[in-house]
Amino acid sequence: MIRSPRDRDLFFRSSREIDRVKRLGRRIQTPWFHIAFYPSDPPQATRVTVVVGRRFGIAVRRNRAKRIFRALARLVRWDLVQGWDLVIFPRRDVLCVSHADLKGTWSATLLRAGLLTAPKSEPCVVSA
């Protein structure tokens, strides 16, 4: 997979910043993941990180969960509201759910949290 150079702008890995979001941020829970979010300091483009602990399972499963959520973050990267840091905590059940269900829950959760701009409605085309 070829990554765009902008992936560095989308993801962050600093433990200090992750701890700040975990400690001070708001949380939203779903059956498949939890999200903690906090305004970035200084305000900049919204950034995402995925945190998966060893209790999640073997390394293959942990890495798969991280890949899934990085892909979901890339899908909505241009629709994210600017100025936030997001920390995603996948739950074990995420590996058993269909991609369509997970994608729908992901978008709905971000929209509910105010982290995603409202979806643009498709123009109505009337044929004669």
Gyration tensor verdict on region 38-113 (Cα atoms; rounded if a/c is under 1.5, prolate if a/b is larger than b/c, oblate otherwise): oblate
By average C-beta atoms within 10 angstrom, highest first, the peptides 93-103, 61-71, 37-47: 61-71, 37-47, 93-103
Å² of accessible area per residue within the chain, as computed with a 1.4 Å probe and no ligands counted: 67 Å²
Percent accessible area from carbon and sulfur atoms, region 25-128, protein chains only, probe 1.4 Å: 54 percent
Rel. contact order, % - alpha carbon contacts under 8 angstrom, at least six apart, the chain: 28 percent
Acute angle (nearest 10 degrees) that the helix 15-24 long axis makes with the longest principal axis of the chain, alpha-carbon atoms: 70 degrees
Principal-axis tilt of helix 99-113 within the chain, Cα atoms, nearest 10 degrees: 90 degrees
Cβ crowding within 10 Å averaged over residues, with 79-88, 8-17, 25-34 ranked highest first: 79-88, 25-34, 8-17
222 nm mean residue ellipticity, helices alone, for the chain (DSSP H n ≥ 4; -39,500 (n - 2.57); rounded to 500): -11500 deg cm²/dmol
Translational diffusion coefficient (Stokes-Einstein; Kirkwood radius from C-alpha pairs) of the chain at 37 °C, 0.692 mPa s, in µm²/s: 211 µm²/s
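The values are calculated or read from the model by the stated rules, or taken from the named source; none is laboratory data. All values reported here derive from a predicted model rather than from experimental measurement. Every residue, glycine as well, gets a Cβ built from its backbone with ideal geometry; the counts of neighbours run over all protein chains shown. Accessible surface is based on the protein model in full, side chains and every heavy atom, while ligands, DNA and RNA are left aside. Shrake-Rupley method; radii C 1.70, N 1.55, O 1.52, S 1.80 Å.
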